[in-house]
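A.B. asks: One structure, as C-alpha cells, below. Some questions next.
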Amino acid sequence: MILQINMSSDVPIYMQLRNQIVMGIGCGELKAGQDLPTVRQLAEDIGINMMTVSKAYTILKNEGFIEIDRRHGAKVRKELDPNQQFCEKLEAELFLLAAESKARGMDKADFFELCEKIFSHKLKEKHL
C-alpha cells in the first residue's frame, strides 16, 4: 500500500494517515492480520515525525482497526465488527452528507445510487 500525504492539506497529517490506512483495509489492500510498518519505519518512509505516526496508530487502535503489541508491532485486526460508537458516528456523517445532497438538489434515488456505486464498485476498483 502506497500512502500519499499532502503536506499542504488542511487535514492534519495524522488524520490523512489514519484515513488512508482505513481505506486500505476497506479496499482489501491491507488484510486481516497483516503487519503494518513500525512507527519509526513509516515516519522515515513518509518523511514525517514519529509522534505523528504514533498518533495515527493510537487512533486506529482506539477505533478497533489495528492491534498494537510492543513485541510484534501493529497489525490489522482480524475481526472488525461495527460497534455502537461507529454506528452512531456513521449515522451522523451520513445525515450531514444526505442533508448537503438534498440542499444541493440531489434526489434520494441519485444519493442512494452514488452510495451503492462507491460501496460496491469503487471499493473493489481501488482493490484491483
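The values are calculated or read from the model by the stated rules, or taken from the named source; none is laboratory data. In this text the structure is predicted, and so the values were computed from the model without any measurement. All Cβ positions, glycine included, derive from the backbone under ideal geometry; neighbour counts span all protein chains shown.
A.B. asks: Among the residues of the stretch 79-89, is any in contact (Cβ under 8 Å) with a residue 24 or more places away in the chain and of a type in the set (D, E, K, R)? Before the answer, list the steps.
C.D. replies: Of all residues in the stretch 79-89, those in contact (Cβ under 8 Å) with a residue 24 or more places away in the chain come to 79-80.
This time we only want the ones that are of a type in the set (D, E, K, R), so: 79.
Yes, the conditions are met somewhere in the stretch 79-89.
A.B. asks: Any idea how many residues of the stretch 31-44 are part of a helix (DSSP H, G or I) and aliphatic (A, V, I, L, M)?
C.D. replies: Step one: of the stretch 31-44, the residues part of a helix (DSSP H, G or I) are 39-44.
Add one more test, that the residue is aliphatic (A, V, I, L, M), and what stays is 39, 42-43.
Total satisfying the criteria: 3.
A.B. asks: Output the residue which, of all residues in the stretch 45-59 that are modelled with pLDDT under 95 and part of a helix (DSSP H, G or I), is nearest to ILE5 (Cα to Cα).
C.D. replies: So the residue we want is ILE46.
A.B. asks: On to the next question. Output the number of residues of the stretch 73-82 satisfying the condition of being within 11 Å of GLU63 (Cα to Cα) and loosely packed, with under 11 Cβ neighbours inside 10 Å. Please lay out each step first, then the result.
C.D. replies: From the stretch 73-82, those within 11 Å of GLU63 (Cα to Cα) are 77, 80-82; that's our starting set.
Within this subset, residues satisfying the condition of being loosely packed, with under 11 Cβ neighbours inside 10 Å are 81-82.
So the count comes out to 2.
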